[in-house]
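Participant: I'd like to ask some things about the structure below.
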Amino acid sequence: MANGESEVGADPAGGFVQLLTPDGERVDSVTTAEGVTYSVSFTDEEYRGLYQDLVTVRRLDAEATALQRQGELGIWASLLGQEAAQVGSGRALRPQDMAFPTYREHGVLYTRGIDPIMPFGLFRGVDQGGWDANEFKFNPYTIVIGAQTLHATGYAMGITMDGKTGAGDGEAVIAYFGDGATSQGEVNEAFVWSGVFHAPIVFFCQNNQYAISEPLERQTRIPLYRRANGFGFPGVRIDGNDVLATYAVTRTALDNARQGQGPTLIEAYTYRMGAHTSSDDPTRYRIASEVESWKAKDPISRLKTFLVKQEIAGEEFFGQVDEDARTLALSLRERVLAMPDPQPVTMFDNVYPHGSPLLDAQRAEFSRYHASFEGSAH
Amino acid sequence: MSRIKDFTLPDLGEGLTEGEILTWLVEVGDTIELNQPIVEVETAKAAVEIPAKWGGVIARIHVEAGTTVEVGATIVSIDTDPSAGPLPSGPVPSAESLAAVEVAPAEGAVEPGLIGGPAPGGRTAVLVGYGPRTVTAKRRPRAGSAPVASAPVAAAPVASAPVTQPPVAPVPAAPEPVRSGPVLAKPPVRKLAKDLGVDLATIVGTGPLGSITRDDLQAAVAAPAPVVAPAPVAAPSFDTSREQRLPIKGVRKLTAENMVASAFTAPHVTEFLTVDMTRSMKVLERLKGRPEFRDVRLSPLLLVAKAVLLAIKRHPMVNSTWSAATNEIVVKEYVNLGIAAATERGLIVPNIKDAGRLTLRELADALNALVQVAKSGKTPPSDMAGGTFSITNVGVFGVDTGTPILPPGEAAILAFGAVRPMPWVHKDKIKVRQVTTLGLSFDHRIVDGELGSKFLRDIGAFLTDPEGALLAWT
């Protein structure tokens, strides 16, 4: 293959930053060719917290997939397989940092402390999935591929102009996107602007190997992280199924950004274990042996192995985590099923912060029209 | 809520209207948990497992495997509280009967063609998202208060069950409405009318605001044809219980459509040639001993494929398409070599892309891979699209030859019969030789007898003397 990766499911040629192997072995620290050293030091409690995050986001995702199959969601974009990339990077954010997600960042959303129910309105078609982006420092899901990288770049340039960077307690921005998005003009424009203006932003690319059905070798002839060189900022590739490496590299990149050292591209090398969305059938374009080889690199089982070997957690803890996740998932199911259908007139809400005379008139006319029907509100 | 809950087929992928029940993973009486996979459904987009929406006991399976059902149809009923004891005797109101009550369309229900309303052809118009629901507009405008235009609209039938009847051609109510102003019709209907040479002004529309729908147009076109009442069929005097009725669907249906389309569009000519393949069989044996071919399965089909590829190079016109739409013959400089394969799901013809560029070893690998994938039933649609020339290897079934039908879009197809030891005149003596029969069908619109004969003769020449042909032609 053009990008030097030929074996099915093999680790990428040229390596990546890995602090926890698929067998659950800890690597103390990794020093890259550029001389940057990455490591983490977590307390037992923090290790257990990461495990709980991973299991919880996977369980919620499974519930959502089931709800879609049962006709309760119009569509669902599953994060299965990408939990470590999302939890590791999400937990690396500091409270003041701003995140710009795609429509698959349910794991990052969870780490931001947002009620997991929030995106379900969007996928159920009863609201726009709107939460207060400023309150949670988490932008709404962006469906348009790659568009959020420009929003993030603009935001990052803005906080620089506001003088919110340049110190250890400064702000930073993270923009999420996938391997397919790197072929979009927007993403390249965002790279250009961020590079030129030294914007405090981390570009976090979850390379899950497929842009819907299009494989990576149709996106690039060089590893994606090396693209950053051409735009004048550093790029790092990490084992995206390793929550520790993801945390370490993202934390460093964000701190560099907040201190005024400009952008970083992180390529989290991972794999989408499920379909692109519930409307897609991956067996039509992927071979089973490839999926199998990635199962052996599961982000959760490697952390579990590590916790067991190090005697950081035992069966009781794992059982409790599973039970808590199940309870949360079932309560999420109940709440999704109870979501009220929207009133037609609510489409006029949230267009302008303080309304507009034209919209007010339209709303009044529309309300009258609806009142002209017999029966209940809907 | 009743303890028996009906599960209806959801829209599994953004705007689908139906799905085929592939396999039931449970039986009536099985105890199931929430989210346990219970049924496999194949839609136009994907085959997926559906997890149970409720835990309980399977009370009734409404639809057998192999059936295609519309989105919204009840497929299974689940007893969600089996511990409460046996169900009360007497018929449980079926989902259909309950649905029927709700479905009864209110007077002046949603206008045909509007979202949520019935659309031409029995479909339901939707945008994106949750599936076509035929239970719509239980409310109706208060008399005199509705600001919508209330032009008389023929009450279109609201489909509540899978549509089995073709839509009845609308009968215009007498007297015919006098149209004023321009003719209303959507662009695709206008295009169809133009293609059919029909003046839309001569048609009475039944769509919204009197616009002309596709059905109106098709009814108008069909109308002049004399309607022949089907002759009364005498009741069969034999035992029909011993007939098996198989639904026409899937690969069978596709094959039928393709073959009918091809057989009645392209004028087929078939020619035959019996050739002595002994030298080819010996070459094959020698190849097996070579290190380059040590780990690959070699069959006579490989040499036939090679012969076809070389012969196409000498006669490119056989590798072409008759394009009536553009009034052109499209001659291809690449060969996507189709190989007909019998699979459990039926006949498929996957093709090897750009086979003319492959070395013999690559061709052998591609043939083996193609057959293996076809047998596993995993051939992706992309492998079956874009074929330019096909081979059907009927010899593997032990027959000598056939008159193959062209795959649509291809100008020629070769049938490769069984290779048998036969008495053959060889160097003026009767010897036992390895003999086969080739059958070549071609599209006479593109290929004349002369070209077809030369092409077939070249394939035969290669198989008779592969080394000589290779040296002479390449």
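The values are calculated or read from the model by the stated rules, or taken from the named source; none is laboratory data. Predicted, not measured: the structure shown is a model, and the values here were computed from it. Methodologically, a virtual Cβ is constructed for each residue, glycine included, from the backbone with ideal geometry; neighbour enumeration extends over all protein chains shown.
Participant: For B:Ser382, work out the one condition from (1) surrounded by 21 or more Cβ atoms within 10 Å (Cβ to Cβ); (2) part of a helix (DSSP H, G or I); (3) among the hydroxyl-bearing types (Ser, Thr, Tyr) it doesn't fulfil.
Facilitator: Here B:Ser382 clears every test but (1).
Participant: Just for the stretch A:212-260: of the residues that are assigned to a helix (DSSP H, G or I) and charged (D, E, K, R), which one is nearest to the chain's Cα centre (by Cα)?
Facilitator: A:Arg251
Participant: Right, something else. Quick one: would you say B:Thr326 is of a type in the set (S, T, N, Q), away from chain A (no Cβ under 14 Å) and assigned to a strand (DSSP E or B)?
Facilitator: Details: of a type in the set (S, T, N, Q): yes; away from chain A (no Cβ under 14 Å): yes; assigned to a strand (DSSP E or B): no.
Taking the combined requirement at face value, the residue does not satisfy it.
Participant: Could you pull out the residue among A:Tyr369, A:Tyr271, A:Tyr352 that is surrounded by 15 or more Cβ atoms within 10 Å (Cβ to Cβ), part of a loop (DSSP other than H, G, I, E, B) and not charged (D, E, K, R)?
Facilitator: After ruling out the rest, the residue left standing is A:Tyr271.
Participant: Still on this structure: I'd like to know if the stretch A:42-58 contains one or more residues that are touching a Pro at 6+ places or on another chain (Cβ under 7 Å) and within 14 Å of chain B (Cβ to nearest Cβ).
Facilitator: No: the stretch A:42-58 contains no residue that is touching a Pro at 6+ places or on another chain (Cβ under 7 Å) and within 14 Å of chain B (Cβ to nearest Cβ).
Participant: If you don't mind, another one. Would you say B:Glu64 is within 14 Å of chain A (Cβ to nearest Cβ), among the charged types (D, E, K, R) and more than 20 Å from A:Ser279 (Cβ to Cβ)? Give the steps one after another, and end with the answer.
Facilitator: Values: within 14 Å of chain A (Cβ to nearest Cβ): no; among the charged types (D, E, K, R): yes; more than 20 Å from A:Ser279 (Cβ to Cβ): yes.
Spelling it out, it is not the case that B:Glu64 is within 14 Å of chain A (Cβ to nearest Cβ), among the charged types (D, E, K, R) and more than 20 Å from A:Ser279 (Cβ to Cβ).
Participant: If you check B:Ala340, B:Ala311, B:Ala307, which single one turns out to be over 26 Å from B:Thr265 (Cα atoms) and at pLDDT 90 or above?
Facilitator: Just one listed residue meets the conditions, B:Ala307.
Participant: Any chance you could count how many residues in the stretch A:67-101 are part of a loop (DSSP other than H, G, I, E, B) and within 14 Å of chain B (Cβ to nearest Cβ)?
Facilitator: Going through the stretch A:67-101 one residue at a time, the tally reaches 9.
Participant: May I pose another question? Answer with yes or no whether A:Arg272 is away from chain B (no Cβ under 14 Å), among the basic types (Lys, Arg) and touching a residue at least 40 places away in the same chain (Cβ under 8 Å).
Facilitator: When the stated conditions are applied, A:Arg272 passes them.
Participant: Against the definition (touching a residue at least 12 places away in the same chain (Cβ under 8 Å) and not in a loop (DSSP other than H, G, I, E, B)), how does B:Glu64 come out, yes or no? Explain how you work it out, then say what you get.
Facilitator: Working: touching a residue at least 12 places away in the same chain (Cβ under 8 Å): yes; not in a loop (DSSP other than H, G, I, E, B): no.
For B:Glu64, the condition - touching a residue at least 12 places away in the same chain (Cβ under 8 Å) and not in a loop (DSSP other than H, G, I, E, B) - is not met.
Participant: Sticking with this one: Answer yes or no as to whether B:Ala47 is within 11 Å of chain A (Cβ to nearest Cβ) and without any contact (Cβ under 8 Å) to a residue 60 or more places away in the chain.
Facilitator: Answer is yes for this residue.
Participant: Also, I was wondering about something else. Go over the candidates A:Ala181, A:Ala199 one by one and state the one that is under 17 Å from A:Ala99 (Cβ atoms), touching a Ser or Thr at 6+ places or on another chain (Cβ under 7 Å) and small (Gly, Ala, Ser).
Facilitator: Going through A:Ala181, A:Ala199 in turn, the sole match is A:Ala199.
Participant: How many residues are within 19 Å of B:Ala311 (Cα to Cα) and within 25 Å of the chain's Cα centre (by Cα) if we restrict to the stretch B:343-366?
Facilitator: Residues that pass the stated criteria total 4.
Participant: If you don't mind, there's one more thing I want to ask. Check the stretch B:303-315 and report whether any residue there is surrounded by fewer than 16 Cβ atoms within 10 Å (Cβ to Cβ) and assigned by TED's automatic domain parsing to the domain that holds B:Gly395.
Facilitator: yes
Participant: Looking at B:Val371, B:Val318, can you tell me which residue is of a type in the set (A, V, I, L, M, F, W, C) and in contact with a Phe, Trp or Tyr (Cβ under 7 Å, 6 or more places away or on another chain)?
Facilitator: B:Val318
Participant: For the stretch B:33-61, name all the residues that are part of a loop (DSSP other than H, G, I, E, B) and over 23 Å from the mean Cα position of the chain (by Cα).
Facilitator: Correct list: B:Glu33, B:Leu34, B:Asn35, B:Gln36, B:Ala52, B:Lys53, B:Trp54, B:Gly55.
Participant: For A:Val351, state whether it is under 30 Å from A:Asp61 (Cβ atoms) and of a type in the set (Val, Ile, Thr). Give the derivation first.
Facilitator: Numbers: under 30 Å from A:Asp61 (Cβ atoms): no; of a type in the set (Val, Ile, Thr): yes.
Considered against the rule, which asks whether it is under 30 Å from A:Asp61 (Cβ atoms) and of a type in the set (Val, Ile, Thr), A:Val351 comes out as no.
Participant: Same structure, new question: Can you give me the number of residues within the stretch B:1-21 that are in a strand (DSSP E or B) and within 13 Å of chain A (Cβ to nearest Cβ)?
Facilitator: The initial filter retains those residues of the stretch B:1-21 that are in a strand (DSSP E or B), namely B:4-8, B:18-21.
Those left that are additionally within 13 Å of chain A (Cβ to nearest Cβ): B:5-8, B:19.
So the answer is 5.
Participant: Just to be sure before I move on: is B:Gly468 in the same structural domain as B:Ala266 (by TED's automatic domain parsing), crowded, with 19+ Cβ neighbours inside 10 Å and not charged (D, E, K, R) in the structure I sent?
Facilitator: Criteria not met by B:Gly468.
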